[in-house]
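The values are calculated or read from the model by the stated rules, or taken from the named source; none is laboratory data. Please read all numbers here as calculations on a predicted model, not as lab measurements. Please note: Cβ atoms are built from the backbone with ideal geometry, for glycine as well, and neighbour counts cover all protein chains shown. Each accessible area value is taken on the protein alone, full model and side chains, heavy atoms only, with ligands, DNA and RNA left out. Shrake-Rupley method; radii C 1.70, N 1.55, O 1.52, S 1.80 Å.
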Amino acid sequence: MKHLAAILFLLAAPVVAQTSEQPISGYAFMEPATQELQDDDFLNPAFFLVAEGMEIWNRAWPGASGEARSCRSCHGDPKDSMAGVAARYPTADPDGAGVINLEGMLNREIETRLGGEALAYESQELLALTALVGYQSRGLAMSIDASAQVQGWADRGEEIYTTRHGQLNLSCQNCHVDHSGEKLRGDTISQGHINAFPIFRLIWDEVGSRHRMFTWCMESIRAEPFAAGSDEYLALETYLALRGEGLLIEAPGVRR
Ligand code: HEC
Ligand code: HEC
């Protein structure tokens, strides 16, 4: 850790005091100007995706049985049908022994109910649908089903989280638990929670998913990242959902 401290950490004093075991949202670690961007839907640079998600929600697809349908045909207004949904993901995969995250479920709906083609990870369309559905849980507490199946994946995710990776030989935990509140280049390291995604990240000048963030963190420690949608990232995401239990959903969020 001495090596790490010398290379990476420029300031020792925690900016946000951690007094309890309660998880703290990354929002609390942002500069006020960044918080204001998230607080105001008109300024929030991710917010246009909610409207774009609504266009996709209303779009007619071929339909699994050949009859053109949209998300709305079955689910009506997402304000009602999707309220609280994002706060419960990842969840047990209805088709198997794995877990499925929100992106996976949205693609499953497109493929199985609408006869459409799955949207690519990080495509603007998938980000838009995720933002639309995520937004319907804004202000609601993350609370996932901790069935044995989900717990098993969370355990696997915890192992990845606590294992050192990459040339800098750091684990996720080294930064987001041991050094949260400290400065790293221009950032203040938060506890690394996932309650605001998809996020507009100012340094990306784009919106990204949780898995894109994981990749950014892995690349920053010069590790070979896992693929978006991979089992490893699904396991990590499941662990992080349990670790952040109770945090309020902020989607679509803004981060530095
Ligand atoms: C070298 C330190 C470091 C390591 C190791 C690291 N991260 Fe990060 N992480 C950061 C920084 C810096 C940010 C951007 C500031 C912030 O939000 O914490 C960040 C942000 C995040 C966020 C977004 C938090 C939010 O509120 O939007 C998540 C999620 C995250 N990291 C997960 C991970 C995971 C999973 C791993 C392990 C694969 C990991 N990080 C490893 C430094 C690190
Ligand atoms: C033919 C009807 C039909 C269509 C079309 C359809 N769905 Fe569904 N969807 C369902 C049913 C039935 C369920 C399972 C029961 C439920 O949660 O309503 C479901 C479940 C879901 C869930 C999981 C809800 C939860 O509580 O976990 C999401 C998210 C979802 N649909 C989104 C969509 C989206 C987005 C579209 C359009 C791309 C879509 N659905 C199209 C019928 C449909």
#### Entry: Total residues in the stretch 62-86, condition open to solvent by 30 Å² or more (accessible area, probe 1.4 Å) and farther than 26 Å from N195 by Cα
9
#### Entry: 2 or more residues within 16 Å of the chain's Cα centre (by Cα) and within 16 Å of ligand 1 (Cβ to nearest atom): qualifying helices (runs of 4 or more DSSP H) within the stretch 57-163
102-114, 124-135, 148-162
### Number of positions in the stretch 169-221 that are within 7 Å of ligand 1 (Cβ to nearest atom), touching a helix residue (DSSP H, G or I) at 6+ places or on another chain (Cβ under 7 Å) and of a type in the set (S, T, Y)
3
### Task
Starting from residues that are among the small types (G, A, S) and more than 16 Å from ligand 2 (Cβ to nearest atom), keep the ones in the stretch 199-224 and report whichever is surrounded by the most Cβ atoms within 10 Å (Cβ to Cβ).
G208
### Task
Confirm whether E245 is more than 19 Å from L102 (Cα to Cα), more than 9 Å from ligand 1 (Cβ to nearest atom) and either acidic (D, E) or more than 14 Å from the chain's Cα centre (by Cα) (or both).
no
